[in-house]
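Data first, discussion second: the structure below is written as structure tokens.
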Amino acid sequence: MNNFNPFEELLLPYQKKVFLDKSRFRILNFSRQIGKGHTCGAICAYEAITNPRSLTVVISTGQRAAAEFLKKVVQWAEAIKVAAPDIPDLNFTYSYDKVEWANKSRVIALPGGNPASLRGWTGNVILDEAAMLENDKETWAACLPIITNQTSGKKWVILASTPSSLDTVFAEKWFDETGEWSKHKCTIYEAQAQGLKVDPEQLRAIVNDDFIFNVEYCCEFAASQDVVFPKDLIESNCNLIVRKPSRQYYCGYDVGRTNDRSVISIFDNNKQLVEIINLENTPYNEQLKIFSDLNKKYEFRAGYVDACGIGDMLAEEIQRTINWNVKPFKWSASNKTLLYDSLRKALKEKEIFFSEEYKDVLVNDFLKIRRTIGKT
């Protein structure tokens, strides 16, 4: 029974290497979409069939992810049952959170986020997308007792994930130099070379962001923060502009008061920055008066006002009394990403220009904009 491996041929070489690794502590630094779950599902099914009464606990990023992982285990269980009908105890039942075989082995999939719910189990552990788990340090601490009891056989643990930031348990274990961990790494390019049907360059074009592609598909850990707009990208778009009265003008108004200043930026129809107005600790009625004077000077064709918090009132008042074409804008995670990506693309393609006189202040401000890599 211990030699039962009828499905090794269904695994690609990099997956088979993980499957055949019997180390107690294994860590998989895998690209997205190359079969982490497929491989770990095979390990779960094999463990259950070859070791009666065994338990493997899978911890995923949420209930939906746990259910998806369990589907892969079921697929393997069904395939093995068809491929090896003469082997006893291959019958199994399953529910949304558990697969159980006739030999009393179980695979249980649980959502992460609540380390207390992990206590009381004894068995093997798989942390699915370990770098993305909420409360990952507390979760890891809760997992250790699960694999401690060796009376019914040596328990093992697998950390499988695409990497994220360096301040995770996954990163800590990946860079551990004690020799305890058996490490497996596979980028999207390595997976393609070993038989995966995928076009990495097409994926790179779709992602259109080297930073994200390198983390998600090339197994590179991200620093906790990444500068969104490098200094040389801003400086390369600085030049002297020539103002012409016939140009059309557009504005952006970021509202602040005490902690952050208000800033009004004015561009012309050639995407050239014309003027920046900084308003530090300026009363809101004075800000409205300044904006009204600017509108008379430039006759804004369109614009946006930060409508979060107190800005909502200012945006409403500007539309009502100054210029209907200046619209409110509310920040969200999705439109921040869209805005920053669009601006970075415009800078790279030299579609937007800044006056030399504003270079220092722009470089200083742009360098403060950071992309933070977190669990989500």
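For S23 and L10, the difference between the fully extended length at 0.36 nm per residue and the C-alpha to C-alpha distance is 2.5 nm. Spherically averaged projected area of the convex hull of Cα atoms, the range 87-153: 5.5 nm². Which whole-angstrom value gives the distance between the alpha carbon centres of the range 316-373 and the range 41-120? The range 316-373 and the range 41-120 have Cα centres spaced 49 Å from each other. A convex hull fitted around the alpha carbon atoms of the range 154-201 yields 123 Å³ per residue.
Counting only Cα atoms, the size of the range 312-372 along its three principal axes is 36, 30, 21 Å, in decreasing order. Phi angles across the range 346-352 convert, under the Karplus curve 6.51 cos²θ - 1.76 cosθ + 1.60 with θ = phi - 60°, into 3J(HN,Hα) values of 5, 5, 4, 8, 6, 9, 9 Hz, Gly and Pro given as x. Within the shell of other residues whose beta carbon sits under 15 angstrom from the beta carbon of A42, the net charge comes to +2, with Lys and Arg scored +1 and Asp and Glu -1. In the chain, the longest principal axis of the Cα atoms and the axis of helix 311-321 are about 40 degrees apart. Shown for the chain: the carbon plus sulfur share of the solvent-accessible area, taken with all protein chains present and a 1.4 angstrom probe, equals 50%.
In a fully extended conformation the segment linking D232 and R301 would gain 21.7 nm over its present Cα-Cα distance, using 0.36 nm per residue. For the range 298-364, applying the loop criterion from DSSP together with a ceiling of 13 other beta carbons within 10 Å to the trypsin sites (Lys or Arg not before Pro) yields K330, K350.
Mind pulling the angle between the C-alpha long axis of helix 63-83 and the longest principal axis of the chain? Nearest 10 degrees, somewhere in 0 to 90. Orientation of helix 63-83: about 40 degrees from the principal axis. Once the Cα atoms are used to define both axes, helix 136-148 deviates from the longest principal axis of the chain by about 0 degrees.
Computed extension gain for T178 through K98, at 0.36 nm per residue and net of the alpha carbon distance, reaches 25.4 nm. Working from label points 7 Å from Cα in the Cα-to-Cβ sense, the K197 to S334 distance is 3.2 nm.
Charged side chains reduced to their Cβ positions (Lys and Arg at +1, Asp and Glu at -1) give the chain a dipole of some 560 debye around its Cα centre. With a Förster radius of 35 Å applied to the beta-carbon distance between S342 and I290, the computed FRET efficiency rounds to 0.80.
Roughly how many Å² is the accessible area per residue of the chain, as a whole number, for a 1.4 Å probe? I get 52 Å² per residue for the chain. Qualifying chymotrypsin sites (Phe, Trp or Tyr not before Pro) in the range 304-376, where qualification requires a DSSP coil assignment and no more than 15 other C-beta atoms within 10 Å, comprise W324, W331. Estimated translational diffusion coefficient (Stokes-Einstein, Kirkwood radius over Cα pairs, 10 °C, 1.306 mPa s) of the range 256-351: 110 µm² per second. Counting only lysines at least 8 places from K231 when in the same chain, those with an alpha carbon closer than 26 Å to its own are K271, K336, K345, K348, K350, K359, K368.
Ordering W121, V107, V82 by Cα displacement along the dipole of the range 72-125 toward the positive end leaves W121 in first place; charges were set at the Cβ atoms of Lys, Arg (+1) and Asp, Glu (-1).
So, with +1 on the Cβ of K and R and -1 on the Cβ of D and E, and no other charges, what is the size of the charge dipole of the range 249-369 about its Cα centre, to the nearest 20 debye?
For the range 249-369, the charge dipole is close to 340 debye.
Once the Cβ-Cβ distance of R370 and I310 is raised to the sixth power relative to R0 = 30 Å, the FRET efficiency obtained is 0.75. Across all directions, the shadow cast by the convex hull of the chain built on its C-alpha atoms averages 23.7 square nanometres. Centre-to-centre, using Cα atoms only, the range 132-178 and the range 272-311 are separated by 52 Å.
Highest-first packing order for the peptide set 81-93, 97-109 is 97-109, 81-93, based on the mean count of other beta carbon atoms within 10 Å.
The values are calculated or read from the model by the stated rules, or taken from the named source; none is laboratory data. All figures in this text were calculated on a predicted structure; none of them were measured in a lab. Cβ atoms come from the backbone with ideal geometry, glycine included; neighbour counts cover every protein chain shown. Areas reflect the complete protein model, heavy atoms only, side chains present, ligands, DNA and RNA absent. Shrake-Rupley method; radii C 1.70, N 1.55, O 1.52, S 1.80 Å.
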